[in-house]
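Only one structure is covered here, and it is reproduced in the block below.
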């Protein structure tokens, strides 16, 4: 693995001048993904923060060919691009080697785009889908998604007198993707760039579809100071709130096992979306979330032990 | 002279055959009655290695159009087929295909929209997408469906057009009815449509493009205005040229609409789809009795031939527009609105009435059409706009 300085010069990276928020972590994720590839890429994206901030006509931050068509169909759209590539290559009308990556936020992946994603994965297209998961609909102004953790305040799960925050646990999309029996599925975080880049390289190397779920701390929606994005991601990993693991041809491997698990409260207290959980009388809510994180972590350890 | 083979085919079979002859690089499709057969038959061509097509068997029509869009942006000649609810499910992506100026050609079998759910013919599905920026070409019979699909490739891909085209035909009435069809040879179809040469491709990695950028209020209007241009000026001209070339090569002339016994017509029906055949039969009957009846069969509904249609109807005393869908606007069907608008600038206008018919596959009979001409003759005689402009034909009120 090259060092970060070398990587920053590698590949057709994202041009500066995009309009993501100061401290936004998706451009970091995107640069890590793009730097991982050794073959030319065609990229796609669902409607969302990434697309609206990088492609403001007549400008573009993309140095690779790029396609966005709508919100719920990033997987279907890039599957069509990949089908064209297969057809033209088979007919002898095209002779370059190209890889296909598409991106979607958690709204476009966990929720509205789940059917399109599931279909494309089942059909076995040679493509990588990267979910940049900031755990809510941030582009439309922080509404809850099925990736939003229990208790989190969003604009559609506000802190009221009768209800405080989201009432449900988050969906385990990575497990759903594992259930598709595709060659490669992983969870990653930009704080662990070496791990993320290795995962992208593995994903691009497999013959068939791959899926990587990347946690993306959102400075606006999670509400933290712009300089703390990577710290937030690191805390998420070290608290086992966001385990780094991969499933290669069905075999589980946890890539980071914290020696000392950071209490979930340490991760949550830096985000204003959880501030109500630290008020007196809400201790049980905090304990409930800690128990859920522990339960999922233990289940993952058991799953890994099974091979 | 072109090679000729006459065989019996249903509308779906003829469409699948035309698609085989077109041999697109990519097809993405999802089954829906009554269009399912098209892709089913096409899948056998793929399985037997008779086409070069990559067939993407998607999980929904929304993904069918999305994948077709992706493929087309990657420089592939790309097609899909659908009907009714499938078209409705694609609605969002139809606008995007047109907005990205992609020459996707799609057979679209007309079927009623839910609710109530119904699998039979009316035009509510394609009419519901009439403002999506797609060219819409309609057919009267199996032969015309087959020919339209081949011509649509040329029209959609023409440099002055660069818009998607929907080739519609009536569910079951055409899709499942067997008729003798003059089939063109594979080689002649290929020669007629030519090689697809896209101007831009996502696979051109040395010249990267960004597709689907966001426009704010400083550019959106100009881009939408640019889409309007071929609809205003290019498509009808190109469609006429393609139709002329098709007639010269294969002997069947279509134009942008068909005038049937319109030369001295005093009363006329304007209709599109299979009901045109029924109307022709009644017109021949009436003509034998000395009644000057005629008909215009609309072929291109998008863009709509406003000026040409006004010219063709200017000497008629009374016109009945037959709509196989209801716009639910309180004033009849969508074809009625277009025809009345087309006639408005004439110094002397024919009196124009509307008949909504055939919803959900309800038969339109010879007697229905005879009745319409009867009404037209009374209107022409009285020379007075009737109180009731819109009639629901053949419904139990």
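Mind listing whichever residues of segment B:205-214 are over 19 Å from residue A:74 (Cα atoms) and either within 7 Å of chain A (Cβ to nearest Cβ) or in contact with a helix residue (DSSP H, G or I) (Cβ under 9 Å, 6 or more places away or on another chain) (or both)? Scanning segment B:205-214 gives a single hit, B:205. In segment A:193-209 there is no residue matching the filter, namely being within 28 Å of residue A:276 (Cα to Cα) and touching a helix residue (DSSP H, G or I) at 6+ places or on another chain (Cβ under 7 Å).
Among the residues here, residue B:7 qualifies as part of a strand (DSSP E or B), surrounded by fewer than 22 Cβ atoms within 10 Å (Cβ to Cβ), away from chain A (no Cβ under 11 Å) and at pLDDT 95 or above. If you go through segment A:172-192 and keep only what is in contact with a strand residue (DSSP E or B) (Cβ under 6 Å, 6 or more places away or on another chain) and farther than 19 Å from residue A:114 by Cα, you end up with A:188, A:189.
Take the residues of segment A:65-107 that are closer than 20 Å to residue A:129 by Cβ and out of contact with any helix residue (DSSP H, G or I) (no Cβ under 7 Å at 6 or more places or on another chain): which is surrounded by the fewest Cβ atoms within 10 Å (Cβ to Cβ)? Please lay out each step first, then the result.
Filtering segment A:65-107 for residues closer than 20 Å to residue A:129 by Cβ gives A:65-86, A:97-107.
Remaining after also requiring out of contact with any helix residue (DSSP H, G or I) (no Cβ under 7 Å at 6 or more places or on another chain): A:65-66, A:82, A:85-86, A:97, A:106-107.
On the way: A:65: 27, A:66: 25, A:82: 29, A:85: 28, A:86: 19, A:97: 11, A:106: 27, A:107: 29.
This residue is A:97.
With B:114, B:83, B:63, B:78 as the choices, which residue is more than 9 Å from chain A (Cβ to nearest Cβ), touching a helix residue (DSSP H, G or I) at 6+ places or on another chain (Cβ under 7 Å) and either within 21 Å of residue B:193 (Cβ to Cβ) or surrounded by 24 or more Cβ atoms within 10 Å (Cβ to Cβ) (or both)?
Numbers: B:114 fails: either within 21 Å of residue B:193 (Cβ to Cβ) or surrounded by 24 or more Cβ atoms within 10 Å (Cβ to Cβ) (or both); B:63 fails: more than 9 Å from chain A (Cβ to nearest Cβ); B:78 fails: more than 9 Å from chain A (Cβ to nearest Cβ).
The conditions single out B:83.
Within segment B:240-265, residues that are more than 21 Å from residue B:311 (Cβ to Cβ) sit with their Cβ atoms under 9 Å from residues that are assigned to a strand (DSSP E or B), at 6+ positions apart or across chains, in these pairs: B:250/B:182; B:251/B:182; B:252/B:182. One residue alone among A:14, A:30, A:34 is under 30 Å from residue A:156 (Cβ atoms) and more than 9 Å from chain B (Cβ to nearest Cβ), and that residue is A:30.
It is to be established whether one or more residues within segment A:125-134 are surrounded by fewer than 24 Cβ atoms within 10 Å (Cβ to Cβ), out of contact with any helix residue (DSSP H, G or I) (no Cβ under 8 Å at 6 or more places or on another chain) and at pLDDT 95 or above.
First, pick out the residues of segment A:125-134 that are surrounded by fewer than 24 Cβ atoms within 10 Å (Cβ to Cβ): A:126.
Then drop every residue that is not out of contact with any helix residue (DSSP H, G or I) (no Cβ under 8 Å at 6 or more places or on another chain), which leaves none.
The answer is no, given that none of the residues of segment A:125-134 is surrounded by fewer than 24 Cβ atoms within 10 Å (Cβ to Cβ), out of contact with any helix residue (DSSP H, G or I) (no Cβ under 8 Å at 6 or more places or on another chain) and at pLDDT 95 or above.
Is it fair to say residue A:135 is within 17 Å of residue A:176 (Cβ to Cβ) and in a loop (DSSP other than H, G, I, E, B)? Criteria met by residue A:135.
The set of residues in segment A:94-112 that are over 15 Å from residue A:51 (Cα atoms) and more than 7 Å from every other protein chain (Cβ to nearest Cβ) comprises A:95, A:97, A:99, A:100, A:110, A:111, A:112.
Okay, residues lined up against (1) at the interface with chain B (Cβ under 7 Å from one of its Cβ atoms); (2) at pLDDT 95 or above; (3) more than 15 Å from residue B:56 (Cβ to Cβ):
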| site | (1), (2), (3) |
| --- | --- |
| A:52 | yes, yes, yes |
| A:55 | yes, yes, yes |
| A:61 | no, yes, yes |
| A:65 | yes, yes, yes |
| A:70 | yes, yes, yes |
| A:74 | no, yes, yes |
| A:79 | yes, yes, no |
| A:84 | yes, yes, no |
| A:92 | no, yes, yes |
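Entry remark, segment A:252-307: residues being exposed (fewer than 12 other Cβ atoms within 10 Å of the Cβ) and in contact (Cβ under 8 Å) with a residue 40 or more places away in the chain number 2 in total. Of everything in segment B:249-281, what is closer than 24 Å to residue B:175 by Cβ and over 21 Å from the mean Cα position of the chain (by Cα)? Give them in sequence order. B:281, the sole residue that qualifies.
Okay, residues lined up against (1) buried (at least 24 other Cβ atoms within 10 Å of the Cβ); (2) free of Cβ contacts under 8 Å to residues at least 24 places away in the same chain; (3) under 21 Å from residue B:270 (Cβ atoms):
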{"position": "B:97", "(1), (2), (3)": "yes, no, no"}
{"position": "B:106", "(1), (2), (3)": "yes, no, no"}
{"position": "B:121", "(1), (2), (3)": "yes, no, yes"}
{"position": "B:138", "(1), (2), (3)": "yes, no, yes"}
{"position": "B:141", "(1), (2), (3)": "no, no, yes"}
{"position": "B:145", "(1), (2), (3)": "yes, no, yes"}
{"position": "B:152", "(1), (2), (3)": "yes, no, no"}
{"position": "B:157", "(1), (2), (3)": "no, no, no"}
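Scan segment B:82-99 and tell me whether some residue there is touching a strand residue (DSSP E or B) at 6+ places or on another chain (Cβ under 9 Å) and assigned to a loop (DSSP other than H, G, I, E, B). Looking through segment B:82-99, none of the residues is touching a strand residue (DSSP E or B) at 6+ places or on another chain (Cβ under 9 Å) and assigned to a loop (DSSP other than H, G, I, E, B). Please enumerate the residues belonging to segment A:147-197 that are without any contact (Cβ under 8 Å) to a residue 40 or more places away in the chain, surrounded by fewer than 18 Cβ atoms within 10 Å (Cβ to Cβ) and in a loop (DSSP other than H, G, I, E, B). Across segment A:147-197, the qualifying residues are A:155, A:156, A:158, A:160, A:161, A:162, A:163, A:167, A:168, A:179. Any residue in segment B:377-394 that is in the same structural domain as residue B:271 (by TED's automatic domain parsing), under 17 Å from residue B:274 (Cα atoms) and free of Cβ contacts under 8 Å to residues at least 12 places away in the same chain? No, segment B:377-394 contains no residue that is in the same structural domain as residue B:271 (by TED's automatic domain parsing), under 17 Å from residue B:274 (Cα atoms) and free of Cβ contacts under 8 Å to residues at least 12 places away in the same chain.
The values are calculated or read from the model by the stated rules, or taken from the named source; none is laboratory data. Predicted model, so just to flag it, every value in this text is computed and none were measured. Quick reminder, even Gly has a Cβ in these numbers, built from the backbone with ideal geometry, and neighbours come from all protein chains shown.
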